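The next block holds one structure in the form of structure tokens; read it before the comments.
Please treat every number below as a calculation from the coordinates, not as lab data. This is a predicted model, so every value here is computed, not measured. Heads up, the Cβs are rebuilt from the backbone with ideal geometry, glycines too, and the neighbour counts pull from every protein chain shown.
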Amino acid sequence: MLTNSLRTVLFCFWSIAVTLSVSQWSQSDNRVVPHQLEANSFQTSQDLDLIRKFETYQIPMMLRKVTKSDDVYIVPWLRKKTGEIHDYQLTIETMKRGVMVTNQQFSWVQEEVKRCAEILNLSQIPLVFIVGDREMYADIVNFYDPFLLLSSDLIEKSGLAELRFIIGRELGHLKCDHVFYHTLFDGGLDSINLVLGKWVQELVKAFLGKISDLILADWVLASEISADRAGLIACQDLAAANRALLNFKLSVASNMIVISPTDYIRQAKIVQQKRKNALDRLPEAGQNSINRWEKSKQLKSTQPFLSSRFEKLQEYATSEGYQILLSIQPRN
């Protein structure tokens, strides 16, 4: 087995090799930069509508009196009161886990992030960290001062086009203002209760008490579809986007993946048909229980609703909206 030291050395040599190859790629980068891209150009309507709904939830009058707050709405209050402390906690945690991307460290990753941000018209470029982890994952965290986390396993097993999709996805979450809500729904503000007291906890409870698991699952799916669209806009390569999505399941070198979208969608439809057969035999109460269980299970996944998202991405790639966005005429 490789020792940690040897693995680190090999990873450094691999990074140097990638840097050299990427410099050649960058010279032929002909991706289209949409004109002043706005989030609502690709964000799903359900995603946007639910975020707007979340923003209307008010601080209960009793808590407003106790905290002597002039704020009326829960979300702005939580952002303002928890932002700096949450940022500090995440900074400590992230610095322990990974290496920050700079002009001298993984500079090619930094250039890719900047280019994807340019394509997505994102002025706020997050700090990027390569996190030593033998699992495939990427995440955008810290709504106050965003960090983009890319696992070393993801970097090693992704081709450049796939990595562009993944980076674009996470930047899409940032552009669509998903990061705060991901933090809130995932329990990321729990530890702040110790610092700011029980009022944070009470407000979080008041907020979450208005949101059922079914509504949350609907938003998570809608927000992930929005992010997938941003990823496709960033990489502009549907085949690479498909490989990147499914490699979160496979975790192999991307050059080993050959994806047939038709076959994968057919695989998903087998599950859907068996689900229908099972539900048709249940009373309405039983069907509702299964629906709640399924959505609750998806919410615990690092890549929720992957089959549905895969199918939706194929539809978006052939849509008039996407083609116009890149100034490409729809194919007949």
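Seen from Glu111, the other residues with C-beta closer than 15 Å to its C-beta sum to a net charge of +1, counting Lys and Arg as +1 and Asp and Glu as -1.
Rounded to the nearest 20, the size of the Cβ-charge dipole of segment 144-234 about its Cα centre is 200 debye, with Lys and Arg at +1 and Asp and Glu at -1. Its convex hull of Cα atoms gives segment 59-170 a direction-averaged projected area, equal to a quarter of the hull surface, of 8.7 nm². Based on the Cβ-Cβ distance of Lys210 and Ile265, what FRET efficiency does E = 1/(1 + (r/R0)^6) give at R0 = 35 Å, to the nearest 0.05? Here the calculated transfer efficiency is 0.50.
Measuring against 23 Å, Cα to Cα, the residue pairs Lys65/Lys198; Lys175/Lys312; Lys65/Lys210; Lys276/Lys312; Lys96/Lys249; Lys210/Lys249 contain Lys96/Lys249; Lys210/Lys249 as the ones spanning a longer distance. Other residues whose C-beta falls under 10 angstrom from the C-beta of Trp77 contribute a net charge of +2, scoring Lys and Arg +1 and Asp and Glu -1. How much net charge surrounds Met61 when only the other residues with a Cβ under 14 Å from the Cβ of Met61 are counted, with Lys and Arg +1 and Asp and Glu -1? Every neighbour counted, the sum reads 0. First check a/c for segment 185-247, with a ≥ b ≥ c the square roots of the eigenvalues of its C-alpha gyration tensor; if it is under 1.5, answer rounded, and if not, answer prolate when a/b is larger than b/c or oblate otherwise. Because a/c hits 1.5 or more and a/b exceeds b/c, segment 185-247 counts as prolate. Among Val258, Val179, a tally of other beta-carbon atoms within 10 Å of each Cβ gives an order, fewest to most, of Val258, Val179.
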